[in-house]
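So the structure is just underneath, and the comments pick up after that.
Please treat every number below as a calculation from the coordinates, not as lab data. From a predicted model like this one, the values you see are computed outputs, not experimental measurements.
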Amino acid sequence: MSFEATEEPKEEWMMPSVPEILREGAATYEQRNKIYGDHYKKFGPALLALFGGKIPAIETPEDAVRLNLVICSLNKLSRYTATFTRGGHEDSAHDLMVYAAMLFEMTEEKVK
């Protein structure tokens with residue numbers, strides 16, 4: 001199916017409006033919040049605790065990558081612990097394994 005330049009796109013190809021995007025985002029938030037609760041509010045104190053109260057200075061791009069991987073790992077770990085009494089969260093455990101492997105790779109590069 002092709003359109004001439006003057007033909008309007010069909011409705012199914014239209015991008016959602018801002019209110020539709022926001023409603024979908026709110027629905028996602030409510031769905032995730034039922035699973036994980038407000039774990040995101042505990043993230044800052046947990047991250048600071050891992051580093052003894054102060055996040056170290058980021059001096060290189062590699063430091064930034066490693067910090068990002070620590071943050072991603074902590075996020076997955078916090079999501080897992082939010083579901084611990086229900087048996088855990090398989091996707092978070094899987095992602096944590098992947099982030100740990102990526103962090104291992106960056107650690108090896110840092111040591112070299």
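So the values come out like this:
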item: Percentage, to the nearest whole number, of Cα pairs in the stretch 16-111 over 18 Å apart; result: 59 percent
item: Vicinal HN-Hα couplings computed from phi for the stretch 44-60 (Karplus, 6.51 cos²θ - 1.76 cosθ + 1.60; Hz; Gly/Pro x); result: x, x, 5, 5, 4, 4, 4, 9, x, x, 8, 6, x, 4, 9, 10, 9
